[in-house]
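The values are calculated or read from the model by the stated rules, or taken from the named source; none is laboratory data. As the structure is a prediction and not an experimental result, all values here were calculated from the model. Ideal geometry is used to build each Cβ from the backbone, glycine not excepted, and the neighbour counts take in all protein chains shown.
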Amino acid sequence: MEEKLLNIRQASEILGVSVDTLRRWDKSGKLLAIRKEGGVHRYYHQKDLEIFASDLVKLAHDWTAEGSEIPSTFYCADSSIFQARLSTLQAVLVKAGIADQLLPLVVAVAGEIGNNSFDHNLGNWPDTPGIFFGYDVTKRQVVLADRGLGILVTLRRVRPELKNHVDALRVAFTEIVSGRAPEERGNGLKFVRQVVAENPISLFFRTGDAELRLEKDNPELFITRSATDIRGCFALINF
Amino acid sequence: MRIELKKFGTTLISRQAGKEALAAFQSTLAKLQPDEKLEADFTGVITFSPSWGDEFLTPLLQQFGDRFVLLPTDNPSVTITVELLEKTQHKKFTRA
């Protein structure tokens, strides 16, 4: 039996983006619509929408890099929405039978990275407030991103000598320091580093043009420069 | 006196929530006797983070010192958080 096609309005409701965004995505090739023979209206297969929405890394990356619209399912406009969705992630992981010794750490790592975005950008978001927060339990991945100031700008408030994103990323993950001066705070990323180094979790973290890779049993920080710059921060957690 | 942390939720993550929890707990805390111990019970908490812990546990450690006692738990998010808070505060929590 042939799969029923969804019209553009139905597709926009499923993805949580506007009809205009879907038209733009069709024109740019980001998400191609189907046209019935000789017709002008756009249609979509449900499966294509599911595949599109399952590419969390691409959706989050495009949002930080280009500011493209993201499905509302993944957008947390403020920290209360993030907290609620984090509780849902916890419930989903419990249901999926993730081990007791791993589950709290995955949620806590995601929580600290997401909170960091809110704590350091509150009242200072350059354009879009809030974060991208998505997860796929089957792929065992959690993706977070923000279009905030990035670690270099927030850390320079207390470490004006920091010169580039690589140095800033290293300080953020190694030194007890805060970007919310004069408060003695901001230790979430040190927690993240310790948890990842001691558990079967890996982390890819990007801010500006600096990229960090962390994995189990390897407390070394691998920080490299990437060819392109992104706005804010991007994090991929695998567990 | 025993604080059952699960009464504040099973996902204790954000600074804001930690701050609110401590503020809400103040009226109960006022009943603590001068020589009475204050015990933190983590039973039932699933996820615990340094942000929440820093807003709730750190002020209690500063206020009550040795009288503030952490009850044993095998939750790794609690253990790692407590160790990190001790490092940032340069002060040890009393453990039961």
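Quick notes on this one:
- Among the residues of region A:58-84, just one is in a helix (DSSP H, G or I), within 13 Å of the chain's Cα centre (by Cα) and within 14 Å of chain B (Cβ to nearest Cβ), namely A:Phe82.
- Residue within region B:21-39 that is in contact with a helix residue (DSSP H, G or I) (Cβ under 7 Å, 6 or more places away or on another chain) and among the hydroxyl-bearing types (Ser, Thr, Tyr) present: no
- Within region B:1-34, being aliphatic (A, V, I, L, M), touching a strand residue (DSSP E or B) at 6+ places or on another chain (Cβ under 6 Å) and within 24 Å of A:Asn115 (Cα to Cα) holds for one residue alone: B:Leu12.
- Scanning region A:35-51 for residues that are among the hydrophobic types (A, V, I, L, M, F, W, C) and at pLDDT 90 or above yields one hit, A:Leu49.
- Restricting the first member to region A:64-83 and to residues that are touching a residue at least 60 places away in the same chain (Cβ under 8 Å), and the second to residues that are in a helix (DSSP H, G or I), the beta-carbon pairs closer than 6 Å and six or more apart or on different chains are A:Ile70/A:Leu59; A:Ile70/A:Trp63.
- Some residue of region A:13-31 being modelled with pLDDT under 90, more than 29 Å from A:Val137 (Cβ to Cβ) and out of contact with any Phe, Trp or Tyr (no Cβ under 6 Å at 6 or more places or on another chain): yes
- Subset of region A:41-57 that is part of a helix (DSSP H, G or I) and under 17 Å from the mean Cα position of the chain (by Cα) - its residue that is farthest from the other protein chains (Cβ to nearest Cβ): A:Phe52
- Elements of type helices (runs of 4 or more DSSP H) contained in region A:141-239, each with 3 or more residues being within 17 Å of A:Leu122 (Cβ to Cβ) and either in contact with a helix residue (DSSP H, G or I) (Cβ under 7 Å, 6 or more places away or on another chain) or of a type in the set (Val, Ile, Thr) (or both): A:151-155
- Of all residues making up region A:99-132, the number that are closer than 23 Å to A:Lys216 by Cβ and either assigned to a loop (DSSP other than H, G, I, E, B) or at pLDDT 95 or above (or both): 16
- Answer residue from region B:49-96, given it is small (Gly, Ala, Ser), in a helix (DSSP H, G or I) and within 14 Å of chain A (Cβ to nearest Cβ) and is surrounded by the fewest Cβ atoms within 10 Å (Cβ to Cβ) among those: B:Gly53
- Only residues that are loosely packed, with under 13 Cβ neighbours inside 10 Å and of a type in the set (Lys, Arg) were counted across region A:1-57, and they come to 6.
- Residue count for region B:1-32 satisfying the condition of being assigned to a loop (DSSP other than H, G, I, E, B), in contact (Cβ under 8 Å) with a residue 12 or more places away in the chain and more than 9 Å from chain A (Cβ to nearest Cβ): 3.
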